[in-house]
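The values are calculated or read from the model by the stated rules, or taken from the named source; none is laboratory data. As the structure is a prediction and not an experimental result, all values here were calculated from the model. With ideal geometry, Cβ positions are generated from the backbone for all residues, glycine too; neighbour counts draw on all protein chains shown.
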Amino acid sequence: MSSTPTPRPLPVLAIHGGAGTLTRGAMRADQEALYRDALSRVLMAGQEQLALGASAVDVVVEAVRLLEECELFNAGRGAVYTAAGTHELDACVMDGRDCRAGAVAGVSRTRNPILAARAVMDHSAHLLFVGAAADELAARHGLEQVSPNWFGTPHRLEQLRRAQRLQAGALRDHDGQDLLDQATPIEASGPIDEETKFGTVGAVALDAAGHLAAATSTGGMTNKQVGRVGDTPLVGAGTYANDATVAVSCTGTGELFIRACAAHDVSALMAYAGMSLEEACDRVVMQKLPADAGGLIAVAANGDVCLPFNSEGMYRGYVRVGAVRPVVAVYRSK
């Protein structure tokens with residue numbers, strides 16, 4: 001007697017746009033709406049792709065590319081500055097079908113670092129390229145190159161100057177409020193404090209064929225030392241996908257996620273300890289990582305979604321094929 005095949009779970013996409021401390025202006029409806037609308041637009045675009053049968057890899061790469069194009073987030077256009085006043089961007093993509101991956105670190109001319117990471121995965125026998133070599137590879141494969149100052153915005157430059165004044169001990173008591181008062185709605189700190197936010201964007205997806213993928217991109221940390229690389233482009237630390245278990249994209253203090261091998265640890269707990277997605281995420285984010293380290297987004301092979309964080313807030317959301325609207329949140333209570 002043959003059994004009825006178990007139906008595949010509905011395709012699903014989850015994204016994040018960074019985690020951190022909530023600002024004094026967190027309740028400003030206009031600012032919060034900008035972030036929620038941006039996340040919703042990316043999710044709806046991905047939902048349409050998944051409904052048309054697009055692969056998980058294609059969907060997560062496009063979702064991250066769209067986030068790189070949005071100045072609200074610290075990836076691509078709107079990336080933060082290094083201590084030298086330059087931009088060094090990192091990205092990674094991983095395909096759960098065969099665990100192939102591609103990554104770049106310290107790029108400064110490729111408009112969309114996530115597309116450079118995809119080019120590495122698709123066209124190179126190697127996994128990670130850095131600096132000028134990564135930009136050169138991207139250019140060889142037809143990816144748009146821009147002037148390094150294309151990534152910067154006046155708001156991000158002011159963040160660098162503020163960080164350097166703080167470092168020098170020269171910040172006036174009222175400087176912080178001055179910056180908020182002078183900022184435009186798009187330039188202002190959003191619901192999550194831009195001075196302390198872990199600025200990474202990422203996406204994870206399960207497609208109609210049952211395959212998983214993850215992608216992550218970042219401009220790094222404001223005032224970071226030139227050459228510093230965080231967890232984003234490191235497979236197993238900030239990004240991981242395996243069809244047998246889960247797809248994960250992290251956002252937080254990169255050094256902490258690297259030491260914890262956070263993204264892979266979620267998969268390992270599911271594979272070796274038999275934990276559910278929620279149990280594995282809780283073990284890693286709430287127990288293994290230090291408080292205020294950040295968070296992650298994860299989609300399991302069975303379609304479960306988990307978006308945990310141990311900071312005060314995280315820009316996040318998810319959507320399933322067939323859903324009327326995406327689920328988008330910033331605060332812990334929503």
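A few remarks follow.
- Among the residues of segment 162-197, those that are surrounded by 15 or more Cβ atoms within 10 Å (Cβ to Cβ) and modelled with pLDDT of 50 or more comprise Arg162, Ala163, Gln164, Ser189, Gly190, Pro191, Ile192, Asp193, Glu194, Glu195, Thr196, Lys197.
- Segment 5-29 residues that are under 28 Å from Thr239 (Cβ atoms) and aromatic (Phe, Trp, Tyr), paired with ones that are surrounded by fewer than 19 Cβ atoms within 10 Å (Cβ to Cβ) and modelled with pLDDT of 80 or more (beta carbon under 7 Å, 6 or more apart): none
- Thr110 closer than 23 Å to Ala83 by Cβ, in contact (Cβ under 8 Å) with a residue 40 or more places away in the chain and in contact with an Asp or Glu (Cβ under 7 Å, 6 or more places away or on another chain): no
- Test: residue in segment 217-229 that is touching a Gly at 6+ places or on another chain (Cβ under 9 Å), under 23 Å from Met44 (Cβ atoms) and at pLDDT 95 or above: yes
- Residue that is surrounded by the most Cβ atoms within 10 Å (Cβ to Cβ) [pool: residues in segment 294-333 that are under 22 Å from Ala260 (Cβ atoms), of a type in the set (Val, Ile, Thr) and touching a helix residue (DSSP H, G or I) at 6+ places or on another chain (Cβ under 9 Å)]: Val299
- Output for segment 136-149, where each listed residue is closer than 16 Å to His87 by Cα and either outside any helix (DSSP H, G or I) or in contact with a Gly (Cβ under 9 Å, 6 or more places away or on another chain) (or both): Gln145, Val146, Ser147
- Filter result for Ala213 (at pLDDT 65 or above, part of a helix (DSSP H, G or I) and within 25 Å of Ala237 (Cβ to Cβ)): no
- Test: Gly274 is without any contact (Cβ under 8 Å) to a residue 24 or more places away in the chain, at positive phi and more than 18 Å from the chain's Cα centre (by Cα): yes
- Odd one out for Leu115 among (1) closer than 19 Å to Met314 by Cα; (2) not in a loop (DSSP other than H, G, I, E, B): (1)
- Ala38 fulfils the conditions (1) surrounded by 24 or more Cβ atoms within 10 Å (Cβ to Cβ); (2) in contact with a Cys (Cβ under 8 Å, 6 or more places away or on another chain) except for a single criterion, (1).
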